[in-house]
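Engineer: Mind looking over this structure? Questions follow.
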Amino acid sequence: MEKIQSLEAILDTIPDENDRKEAYRILYGKPSTKIELPEEVEKIAKESNFDIKGWKFVPALEEETRKKRLVRIGAIQNSIVLPTDKPILEQLEAIHKKIGKLIEAAAMMNVNVCCLQESWPSPFFFCTREKFPWLQFAQDVFEGPSVKFCCQLAKQFNMVIVCPIIERDTQHQDIIWNTAVVVSNHGEVIGYHRKNHIPRVGDFNESTYYMEGNTGHPVFDTEFGKLELIFCNFGALSEPLWPIEARNAAIANSYFTVAINRIGTEEFPNEFTSGDGQKAHKDFGHFYGSTYVAGPDGTRTPGLSRIQDGLLVTEVDLNLITQVKDKWSFQMTQRLSDYAQLLKDAADLNFQRQIIKPNKK
């Protein structure tokens, strides 16, 4: 299974062209159109061995009162570079070098907002339940080496960068958080969001390191649009859920979603168990990539590779968000006051579910 390049590679083997187009339509909605890749970008991708795809969503309708609000989104998926038993600083330097090439390629594709994967500067070490040496990857949200690295590139390329790190909160007794930092296109930290939902399943032993975040649900107003960060929901634990989870969120909330997943299998020096009755092991994965972007109308792009580093560039028109809201009326018909009351009732210790049973004769 790890050798399958992508779902799209399987779909493309359908011999009949009409059947193939229909399969894509059923799975992905309205067909996206390809963005032509500059030769220099293709050369960099070949030399650095990463997958690169470019897609444009079906355009929003032309409006008389608003201009198009075109934004190019870059999404980067990657494996680690060095073995996990190498010195921490060497691992960090190597991953910075890899990501730097991918961000450079994104800049050549005129990306406005570039999103990196969860905890990109480090291995996904949470499976080990070991604090040392892994928490040496943790860093400050303003002064950390990976944050400063992204600040430099954001300013150089006039690009907003979402930089997820393992945070060491130096202002509050060095508490650890799983945090995404938003860097402006001027190279300054706009703010950050701490992960709210912490998996405690199998190898995802994340609450060994950090607990639920305390930053609420902030929205970051950038020059290219508003961003909200939600990372590592449970779709990442199940590949069949992955292609639909971010798409569901896009439909339900009428916005564009960017779903990024790392790739590869990571090996650690010491064995660990997964709480599933199986023997102890040293490997964690396979992470299956397949990064994609979904739109408010239910459309989604084809995904990146399951087995290869990659850059997905997607051009969207933010006007589509309002147009879909007007058409489907989800926001207009929602019952917020009812939901608030139900939530208040459910939180009461004396709460009773509203279950209606048939009368007994």
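Engineer: Please give, to one decimal in nm, the separation of the simple spin-label points placed at GLU130 and GLN323, each 7 Å out from Cα toward the Cβ.
Structural biologist: About 5.3 nm, to one decimal.
Engineer: Using the crude model of +1 on Lys and Arg Cβ and -1 on Asp and Glu Cβ, and no other charge, please compute the dipole size for the chain relative to its Cα centre, in debye to 20.
Structural biologist: Numbers: 42 positive and 49 negative charges, 219 e Å.
Around 1060 debye, computed over the chain.
Engineer: Continuing with the same structure: Roughly how many Å is it from the Cα centre of the range 178-243 to that of the range 310-347, as a whole number?
Structural biologist: 19
Engineer: While we're here: Counting other Cβ atoms within 10 Å, keep those with at most 14, restrict to DSSP loop, and tell me which GluC sites (Glu not before Pro) in the range 21-117 are left. Walk me through the numbers before you get to the answer.
Structural biologist: Details: sites: GLU22, GLU36, GLU39, GLU40, GLU42, GLU47, GLU62, GLU63, GLU64, GLU90, GLU93, GLU104; in loops: GLU36, GLU62, GLU63, GLU64.
Passing both the DSSP loop test and the Cβ count: GLU36, GLU62, GLU63, GLU64.
Engineer: Give the order of HIS193, HIS172, HIS96, HIS281 when sorted by the count of other beta carbons within 10 angstrom, beginning with the fewest.
Structural biologist: Exposure proxy ranking, most exposed first: HIS172, HIS281, HIS96, HIS193.
Engineer: Moving on to the next point. May I ask you to derive the FRET efficiency for ASP174 and GLU267 from their Cβ-Cβ distance with R0 = 45 Å, giving the value to the nearest 0.05?
Structural biologist: Once rounded, the FRET efficiency stands at 0.95.
Engineer: Given points 7 Å out from each Cα along the Cα-Cβ axis, report the HIS281 to LYS67 separation in nanometres with one decimal.
Structural biologist: For the pair HIS281/LYS67, the computed spacing is 5.4 nm.
Engineer: How many nm is it between the label spots at SER337 and THR208, if each spot is 7 Å from the Cα in line with the beta carbon?
Structural biologist: Distance between label points: 4.9 nm.
Engineer: Same structure, new question: For the chain, modelled as a GNM with alpha-carbon contacts under 10 angstrom, which of THR208, THR13, THR222 fluctuates the most?
Structural biologist: Maximum fluctuation in the GNM of the chain, among the listed residues, is at THR13.
Engineer: Counting DSSP beta bridges in the chain, what percent are antiparallel, to the nearest 5?
Structural biologist: 75
Engineer: Let me ask something else about it. Between their Cα atoms, which of LYS30/LYS67; LYS56/LYS226; LYS131/LYS344; LYS98/LYS325; LYS43/LYS86 are more than 28 Å away from each other? Each step should come with its number before you reach the end.
Structural biologist: On the way: LYS30/LYS67 23 Å; LYS56/LYS226 19 Å; LYS131/LYS344 38 Å; LYS98/LYS325 39 Å; LYS43/LYS86 30 Å.
Long pairs (Cα-Cα over 28 Å): LYS131/LYS344; LYS98/LYS325; LYS43/LYS86.
Engineer: ³J(HN,Hα) across the range 113-126 via Karplus (A = 6.51, B = -1.76, C = 1.60, θ = phi - 60°), whole Hz, x for Gly/Pro?
Structural biologist: Residue by residue, the range 113-126 yields 10, 10, 10, 9, 6, 4, 6, 5, x, 9, x, 8, 7, 4 Hz.
Engineer: Report the net charge of residues surrounding TRP120, where surrounding means a beta-carbon distance below 10 angstrom and charges are Lys +1, Arg +1, Asp -1, Glu -1. Spell out each step's value before the answer.
Structural biologist: On the way: positive: LYS98, ARG262; negative: GLU118.
That works out to +1.
Engineer: For the charge dipole of the chain, defined by +1 on Lys and Arg C-beta atoms and -1 on Asp and Glu C-beta atoms about the Cα centroid, which residue among PHE126, THR333, HIS193 has the Cα displaced farthest towards the positive pole?
Structural biologist: The listed residue farthest towards the positive side: THR333.
Engineer: How much length is gained on full extension from LEU11 to LYS101, taking 0.36 nm per residue of separation minus their Cα-Cα distance?
Structural biologist: 29.4 nm
Engineer: Now for a separate question. Could you work out how much longer the chain between LEU82 and LYS361 gets when fully extended? Use 0.36 nm per residue separation minus the Cα distance between them, nm to one decimal.
Structural biologist: 93.3 nm
Engineer: What is the extension gain from ASP19 to HIS186, computed as 0.36 nm multiplied by their sequence separation minus the C-alpha to C-alpha distance, in nm to one decimal?
Structural biologist: Stretched fully, the ASP19-HIS186 segment lengthens by 55.4 nm.
Engineer: Still on this structure, I have one more. How much FRET efficiency would the formula 1/(1 + (r/R0)^6) give for ILE4 and LEU89, where r is the Cβ-Cβ distance and R0 is 35 Å, rounded to 0.05?
Structural biologist: On the way: r = 35 Å, r/R0 = 1.01.
Working from the Cβ atoms, E equals 0.50.
Engineer: Straight-line reach only, C-alpha to C-alpha below 18 angstrom: list the aspartates and glutamates that LYS34 could link to, leaving out same-chain residues fewer than 8 apart.
Structural biologist: Within reach: GLU8, ASP12, GLU17, GLU22, GLU42, ASP51, GLU315, ASP317.
Engineer: Hey, another quick one. Considering only DSSP states other than H, G, I, E and B, which GluC sites (Glu not before Pro) in the range 122-202 qualify as loop sites with at most 15 other Cβ atoms within 10 Å? Don't jump to the answer; show the numbers that get you there.
Structural biologist: On the way: sites: GLU130, GLU143, GLU167, GLU188; in loops: GLU130, GLU143, GLU188.
Answer by residue number: GLU143, GLU188.
Engineer: Now for a separate question. Between LEU37 and residues 5 or more places away or on another chain, which pairs have amide H atoms under 5 Å apart, with H built 1.01 Å from N, and which residues are they?
Structural biologist: none
Engineer: Which of the three applies to the chain, rounded, prolate or oblate, going by the alpha-carbon gyration tensor with a ≥ b ≥ c and a/c under 1.5 meaning rounded?
Structural biologist: Rounded, since a/c falls under 1.5.
Engineer: Could you list TYR339, TYR292, TYR192, TYR209 so that the one with the fewest beta carbons within 10 Å of its beta carbon is first and the one with the most is last?
Structural biologist: By the 10 Å Cβ count, ascending: TYR339, TYR209, TYR192, TYR292.
Engineer: Could you pull out every residue, at least 5 positions away or on a different chain, whose amide H is within less than 5 Å of the one on THR222? Hs are placed 1.01 Å off N in the peptide plane, and Pro or chain starts have none.
Structural biologist: Here the answer is LEU227, since their amide H atoms fall under 5 Å of that of THR222.
Engineer: To make sure I understand, if each residue's beta carbon is the centre and we count other beta carbons within 10 Å, what order do ILE4, ILE76, ILE26 fall in, fewest to most?
Structural biologist: ILE26, ILE4, ILE76
All of the numbers you see were taken from the coordinates with simple rules; none came from a lab. Note that the structure is predicted; figures quoted are calculated from it, not measured. Cβ: placed from backbone, ideal geometry, glycine included. Neighbour counts: every protein chain shown.
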